[in-house]
Amino acid sequence: MLQQLANGVFTGSIYALFAIGFTLVFGILRHLNLAHPAVFTAGAFVGIEVATRTAIPVWILFPVVAVFGALAGVLVERIAFRPLRGRDDEHFAGLISSVALGGVVIALLQARYGTEPQSFPREYFPNQLFEIAGIRVTLTQLVTLGLALVLMLGLAWLVSATSLGRAMRAVAENPTAAQVVGVNVGWVTAGTYAMSSALGTVAGALLALNLGQAGRDLGASIELVGFAVIILGGLGSLWGAMAAGVILGLAEALTITYFDSTWKGLVAFALLFAVLVLRPRGLFGHVKVREV
Amino acid sequence: MKIPLRALLLTVLGIGATFGLDPFRNYQLATVAACFAAVAGLTVLVGLTGQLSLGHAVLMAAGGYGFAFAASAVEGPWPLALLVGLVAAVAVAGLLGLLLGMAAARLRGPYLAGLTLALVIALPSAASTLPLGADQGARAPFFAVPEALAALIALEQWHAWLAIVIAAVAVTPLVMLRSGRAGLRMRAVLDDETAARLSGVDPGLVKAGAFVASAVPAGLGGAILAIATQQVTPGGYGLAFSLLLVVAAVVGGLGSIGGAAIGSVLIVFLPWIVDELVAAVPSDLGQRLDGNLAVLLFGAGLIAMTLAWPGGAARLLDRLRAARPSRLATPTTTTER
């Protein structure tokens, strides 16, 4: 039982990492970036390729993947969102163009890596087994949890305590006013996307490291739970995404223990539906009476 | 009275057109008719009420499953089985639409989009946990060509006829709804919910109603696909297909029924054309691009179009015949403002 709960927390931390990147963009810019799962998958593939080619240690691998992710994020914003700025159907059109861009990214991945799943080199990362208070954990799981915690807390600190974070919150409140008081909205937008995608690619590489391999459907496999996490937590809420990530990880672990793994998707959806009907803005979202 | 007449004329034209097509083209035509029914529902939902559903494929699947199970259960002449199947398709899709609509009445743009998206992704899980035949799906009954026509037309052509008639039955009421009082209410809610409420329109009711009105043609579209392919599988109604339906609605121009028809033709034929082109490319490169280049080109084209061509095909047509502005302007406002 305790073992299942621990597994749930490990899975949940990857969900949360996927989700905070997504929810960050929505919280600051009100964009639903549906290319995020594709960027997540790309992170896994790039991580595997870099690890295979250079055999650099894990501690350097993740920063490399994050840099790639940041660049990818800037590109996503440039291609799918920047040209639409100021149009009255900006948000809706951005949704469509980011879906399309996500499809393009997956198609490009297939063109480069083929249809077979890619694997990390054998013995790339020692799969050591620890036993803490009767719970078995692997080193990979510990690294995952540690990295996820560091990144999430780092992001929370960045948004709440730095000048960049203040600029981001200003843009979230009112982009025009932020521009007027001298915030470079273009830079903040690009920076937000860079951070979001860096988190997404690192989450993808982490999941691939846990599974040992990655296929083109890696992003699709996390999509349902990922979106459920974001919505459950309240779109735009960082703490909500983290909490909901762990909740859904636990729910999934319990579902697998007591039913079987085919129920996974259905349980996630049922949980989502129930929460949305009771609290239309998620667990941690705020209700506004009239949106502009 | 004008709308039913026009629908009748178009239906007869469509059936006439099947004589000029070979069996495979007729099969594709049936697919177009199925997509048309679903996209018409979707375009009205998004264009008139601003509710974005990314999950219309699941509503089609619901209709398809309803049709397959109900029609298989009927033992009797084929028109009876067909009719019972269609009623079941309407009932099942309508019910699911009502459920979604009730949730939608409480949710704002991105939350609704997320919920419907999650619905699509949960479909395979639902298919294997509920008695829906898991990945193999359900078999739909086979509708053979009636004896009186057997000498005259092939099976695919007969299915195309059924598809066209069902699509017409699905879309015509929707068009009438759209240009009638209900359409006005939807626009009022989209423009300003508070103002609509002040003039005695219940936004929750309108939104939920619009979802049901949009789900029913989608369910009938699923029934058409079940007739044409004789099966319903969860794999056929995945995320990619669901997003293609949204693409068709956007490409055609949100809120426009004619645009829905254009969009449906595009999403059925474009991937097929690209696949044919890829098949012509030799060996290794072709294998790598297989089923892939279509997505790539389609995605790139869609991005370019979203950026360069807001309003979709319907708007372009309007601009071309600018001298004769349409009575009901195509709504261009969209979700979450």
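The values are calculated or read from the model by the stated rules, or taken from the named source; none is laboratory data. It should be emphasised that the depicted structure is a prediction, and the values quoted were computed from it without experimental measurement. Ideal geometry is used to build each Cβ from the backbone, glycine not excepted, and the neighbour counts take in all protein chains shown.
So which residues in the range A:109-121 are more than 7 Å from chain B (Cβ to nearest Cβ) and either within 20 Å of A:Glu223 (Cβ to Cβ) or of a type outside the set (Asp, Glu) (or both)?
Those that are more than 7 Å from chain B (Cβ to nearest Cβ) and either within 20 Å of A:Glu223 (Cβ to Cβ) or of a type outside the set (Asp, Glu) (or both): A:Leu109, A:Arg112, A:Tyr113, A:Thr115, A:Pro117, A:Gln118, A:Ser119, A:Phe120, A:Pro121.
Quickly run through the range B:109-155 and pick out the residues that are β-branched (Val, Ile, Thr) and surrounded by fewer than 21 Cβ atoms within 10 Å (Cβ to Cβ).
Scanning the range B:109-155 gives B:Thr129, B:Val145, B:Ile153.
Consider A:Ala107 against the criteria (1) within 19 Å of A:Gly215 (Cβ to Cβ); (2) aliphatic (A, V, I, L, M); (3) surrounded by fewer than 14 Cβ atoms within 10 Å (Cβ to Cβ): it satisfies all of them except one. Which criterion is unmet?
Unmet for A:Ala107, out of (1) within 19 Å of A:Gly215 (Cβ to Cβ); (2) aliphatic (A, V, I, L, M); (3) surrounded by fewer than 14 Cβ atoms within 10 Å (Cβ to Cβ): (3).
Those residues that are free of Cβ contacts under 8 Å to residues at least 40 places away in the same chain, assigned to a helix (DSSP H, G or I) and either of a type in the set (A, V, I, L, M) or more than 7 Å from chain B (Cβ to nearest Cβ) (or both), I need them from the range A:83-103; list them, please.
Within the range A:83-103, A:Leu84, A:Glu90, A:Ala93, A:Ile96, A:Ala100 meet the criteria.
For the range A:239-281, which positions are surrounded by 20 or more Cβ atoms within 10 Å (Cβ to Cβ), small (Gly, Ala, Ser) and facing another protein chain (nearest Cβ under 10 Å)?
Across the range A:239-281, the qualifying residues are A:Gly265, A:Ala268.
Conditions tested, residue by residue: (1) more than 18 Å from the chain's Cα centre (by Cα); (2) surrounded by fewer than 19 Cβ atoms within 10 Å (Cβ to Cβ); (3) in a helix (DSSP H, G or I).
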{"site": "B:Val12", "(1), (2), (3)": "yes, yes, yes"}
{"site": "B:Leu48", "(1), (2), (3)": "no, no, yes"}
{"site": "B:Ser53", "(1), (2), (3)": "no, no, no"}
{"site": "B:Val87", "(1), (2), (3)": "no, yes, yes"}
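Only residues that are surrounded by fewer than 20 Cβ atoms within 10 Å (Cβ to Cβ) and either at pLDDT 80 or above or within 13 Å of the chain's Cα centre (by Cα) (or both): list them for the range B:256-275, please.
B:Gly258, B:Val265, B:Phe269
Name the residue, out of A:Val185, A:Val143, that is in contact (Cβ under 8 Å) with a residue 12 or more places away in the chain and touching a Pro at 6+ places or on another chain (Cβ under 6 Å).
Sole residue among the options that is in contact (Cβ under 8 Å) with a residue 12 or more places away in the chain and touching a Pro at 6+ places or on another chain (Cβ under 6 Å): A:Val185.
If I filter the range A:123-136 for residues that are without any contact (Cβ under 8 Å) to a residue 12 or more places away in the chain and closer than 19 Å to A:Val67 by Cβ, do I get at least one hit?
no
Can you find even one residue in the range B:58-73 that is of a type outside the set (S, T, N, Q) and modelled with pLDDT under 85?
Among the residues of the range B:58-73, at least one is of a type outside the set (S, T, N, Q) and modelled with pLDDT under 85, which makes the answer yes.
Among the listed residues B:Gly204, B:Gly200, B:Gly255, identify the single one that is part of a loop (DSSP other than H, G, I, E, B), over 24 Å from B:Phe67 (Cα atoms) and out of contact with any helix residue (DSSP H, G or I) (no Cβ under 8 Å at 6 or more places or on another chain).
So the residue among B:Gly204, B:Gly200, B:Gly255 that is part of a loop (DSSP other than H, G, I, E, B), over 24 Å from B:Phe67 (Cα atoms) and out of contact with any helix residue (DSSP H, G or I) (no Cβ under 8 Å at 6 or more places or on another chain) is B:Gly200.
Restricting to the range A:71-127, count the residues that are among the acidic types (Asp, Glu) and at pLDDT 85 or above.
The number of residues fulfilling the criteria is 1.
Output the residues belonging to the range B:119-133 that are of a type in the set (A, V, I, L, M, F, W, C), without any contact (Cβ under 8 Å) to a residue 12 or more places away in the chain and assigned to a helix (DSSP H, G or I).
Answer for the range B:119-133, where residues must be of a type in the set (A, V, I, L, M, F, W, C), without any contact (Cβ under 8 Å) to a residue 12 or more places away in the chain and assigned to a helix (DSSP H, G or I): just B:Ala122.
Just for the range A:69-80: of the residues that are surrounded by 24 or more Cβ atoms within 10 Å (Cβ to Cβ) and closer than 30 Å to B:Gly50 by Cβ, which one is farthest from the other protein chains (Cβ to nearest Cβ)?
Of everything passing the filter in the range A:69-80, A:Gly73 is farthest from the other protein chains (Cβ to nearest Cβ).
If we scan the range B:14-21, do we find a residue that is in a helix (DSSP H, G or I) and within 20 Å of B:Gly219 (Cα to Cα)?
No: zero hits.
Can you pull out the residues in the range A:13-58 that are more than 14 Å from chain B (Cβ to nearest Cβ), farther than 30 Å from A:Glu173 by Cα, surrounded by 24 or more Cβ atoms within 10 Å (Cβ to Cβ) and not hydrophobic (A, V, I, L, M, F, W, C)?
Those that are more than 14 Å from chain B (Cβ to nearest Cβ), farther than 30 Å from A:Glu173 by Cα, surrounded by 24 or more Cβ atoms within 10 Å (Cβ to Cβ) and not hydrophobic (A, V, I, L, M, F, W, C): A:Gly43, A:Gly47.
If A:Gly191 passes every condition in (1) surrounded by 12 or more Cβ atoms within 10 Å (Cβ to Cβ); (2) small (Gly, Ala, Ser); (3) farther than 30 Å from B:Thr306 by Cα but one, which one does it miss?
For A:Gly191, the exception is condition (3).
On the given criteria, is A:Leu235 of a type outside the set (Val, Ile, Thr), under 13 Å from A:Ile20 (Cα atoms), in contact with a Gly (Cβ under 7 Å, 6 or more places away or on another chain) and touching a residue at least 12 places away in the same chain (Cβ under 8 Å)?
yes
For the range B:95-107, state whether one or more residues are more than 14 Å from every other protein chain (Cβ to nearest Cβ), in contact (Cβ under 8 Å) with a residue 60 or more places away in the chain and farther than 30 Å from B:Gly20 by Cα.
For the range B:95-107, residues more than 14 Å from every other protein chain (Cβ to nearest Cβ), in contact (Cβ under 8 Å) with a residue 60 or more places away in the chain and farther than 30 Å from B:Gly20 by Cα: present.
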